[in-house]
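I have placed the structure first, in the form of structure tokens, so that the comments after it can refer back to it.
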Amino acid sequence: MKKAALMLVATAAAVVVLLPGVAAAQAGDVTFHKDIEPILQRSCQVCHRPNNMAPMSLMNYQESRPWARSIRNKVVAREMPPWHVDPNVGIQDFKQDRSLSQAEIDLVAAWADAGAPRGNPADAPPAVELPDFGAWEIEPDVVVTSPPHTVPAEAGDWWGDYIVDSGIPNDRYIKAIQTKAGDLRVVHHALTYAVTDPDAPLNDSSNDFFLNEYAVGKNADKYPDGTGKIFEGGSRVRFSFHYHSIGEEVVDRTDLGLVLYPEGEVPEKILYSRQLGQAGELDIPAGQVTRHDGYATMYLPGKLTGFQPHMHFLGKRQCLELIYPNSTTEMVSCVNFDFNWHIVYNYADDAQPVYPAGTKLHVISYHDNTESHRGNVDALNWTGGGSRTIDEMAFGWISWYDLTDEEYQEELDARANNND
Ligand code: HEC
């Protein structure tokens, strides 16, 4: 019932926004300043500007024109902007969603196909103010810094971890958190975790708590009032990096900043982010696309706030489904996975799924060990599970908080009222 209503709304919205795009495309008057520049401002320039993570700047017509063809291809394939949630499955309301609508994609294609016309500079939208990833957006109580890492002028991409003491002796709750890359040009992504196991190996984060990701050109995570993520006393911090070379040698040190609740204060709601739904033994024969399933039972009612698929090079797609205690199911999200991008998909507040005690999370992972898969280094090899980058993984990073039975019932009632 609820699902049907949602589908109707989605279809109606798609029709309404699609029409202007199609009309404009047919009229052949799509121009850079009128149609494309606003899209670049909203969805691209945050990364595609000087001295930032993306390989080229798209700040104006001169810079964008030579890339028109490539922009078209990446946008139509939904590889850029990096936002790989399947737009046809499950929840579509997210925080910090930079993805393009089908109408916008059609505009970009029409523009490139028409020879990337500039149009009238008077149509240009005013320049936008872009967030500064090189600065603190929070006032951290604690800063943990990764050791210096030298990124050579020319080298293949580097994926690897560092574990650093946090200097936080007692349990604390995190109010806000930000990863601040030392040199934005070389840090493709940096993920941070709290490592509670004193003997944790460098390359296995399976017992860690996920903290924060710096990969989507985003700034601080500020948790809603009264909520916080636990940082267990004595935990260390794992930095998981993807560095890439830029033609000059760069030494990077990246900071993790934490704003904490005062010592001894426990927020009303504790946010968790854990690896869940790990599939059993992975068996990925050469030349095949495989599916593996993993499950996790939620023993308390709760609210799901975010989903981040985790696989390695062969990862192709991952879906998250809820299996309710009455055996009905609901597909929450599917992501067309790209190993280059570790994006946390945070659901908008009123779209966060709530579930009763005993619900199972079902994580469905597809790996592609065929030659046609871009990430495949060796399609002739069987691949199994493991923590080296050339081994495979299959689980979701799931963010949630628990609810009491009464809170769960209240959420259900509130949503039922909203849908009337
Ligand atoms: C979160 C940062 C980010 C955003 C937002 C983003 N890009 Fe990118 N883009 C990158 C990075 C980094 C690369 C390098 C390839 C990779 O890592 O996937 C890239 C690569 C590209 C390429 C290929 C360049 C080449 O060398 O062939 C094109 C074209 C492109 N982006 C266009 C766009 C467009 C158009 C948008 C907006 C609709 C956009 N990007 C949004 C970060 C971003």
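Shown here: region 142-267, whose C-alpha atoms stretch 48, 31, 21 Å along the first, second and third principal axes, sorted largest to smallest. Shape class for region 188-322: oblate, because the ratio a/c of the largest to smallest gyration tensor axis (alpha-carbon atoms, square roots of eigenvalues) is 1.5 or more and b/c is at least a/b.
For MET80, the residues whose modelled amide H falls within less than 5 Å of its own, excluding neighbours fewer than 5 places apart on the same chain, are VAL75. Projected over all directions and averaged, the alpha-carbon convex hull of region 366-416 occupies 6.5 nm². Between the alpha-carbon centres of region 207-270 and region 319-335 there is a gap of 29 Å. Per residue, the solvent-accessible area of the chain (1.4 Å probe, heavy atoms of protein chains only, all protein chains present) comes to 46 Å².
Region 23-90 and region 342-358 have Cα centres spaced 28 Å apart. Taking the chain, the Cys residues with no second Cys beta-carbon under 4.7 angstrom are CYS44, CYS47. Within a Cβ distance under 14 Å of PHE133, other residues only, what is the Lys/Arg minus Asp/Glu net charge? Residues near PHE133 contribute -4 overall. Annotation: amide H of ALA394 within the under-5 Å range of ALA279, sequence separation 5 or more or interchain, hydrogens built in the peptide plane. On the chain, 52 percent of the accessible area sits on carbon and sulfur atoms, based on a 1.4 Å probe. Contact order, relative form, for region 273-419: 41 percent (alpha carbon pairs under 8 Å, 6 or more residues apart, mean separation divided by residue count). The P(r) of the chain has a tail past 35 Å containing 32 percent of all C-alpha pairs.
Pairs of Cα atoms in region 60-101 fall into 10 Å distance bins, from 0 up to the last occupied one, in shares of 25, 45, 23, 7 percent. When peptides 256-262, 235-241, 165-171 are sorted by average Cβ neighbour count within 10 Å, with the highest value leading, the order is 235-241, 256-262, 165-171.
Could you work out how much longer the chain between ASP204 and ASN381 gets when fully extended? Use 0.36 nm per residue separation minus the Cα distance between them, nm to one decimal.
Length difference between fully extended and current span is 61.5 nm.
Charge tally around ILE36: other residues with Cβ under 13 Å, Lys/Arg +1 each, Asp/Glu -1 each, net -3. P(r) tail, region 273-419: Cα-Cα pairs separated by more than 24 Å, 35% of all pairs.
The values are calculated or read from the model by the stated rules, or taken from the named source; none is laboratory data. Note that the coordinates shown come from a computational prediction; the quantities given were computed from them, not determined experimentally. So basically every Cβ, Gly included, is an ideal-geometry build from the backbone, and we count neighbours across all protein chains shown. The accessibility values were calculated without ligands, DNA or RNA, using every heavy atom of the protein model including side chains. Shrake-Rupley method; radii C 1.70, N 1.55, O 1.52, S 1.80 Å.
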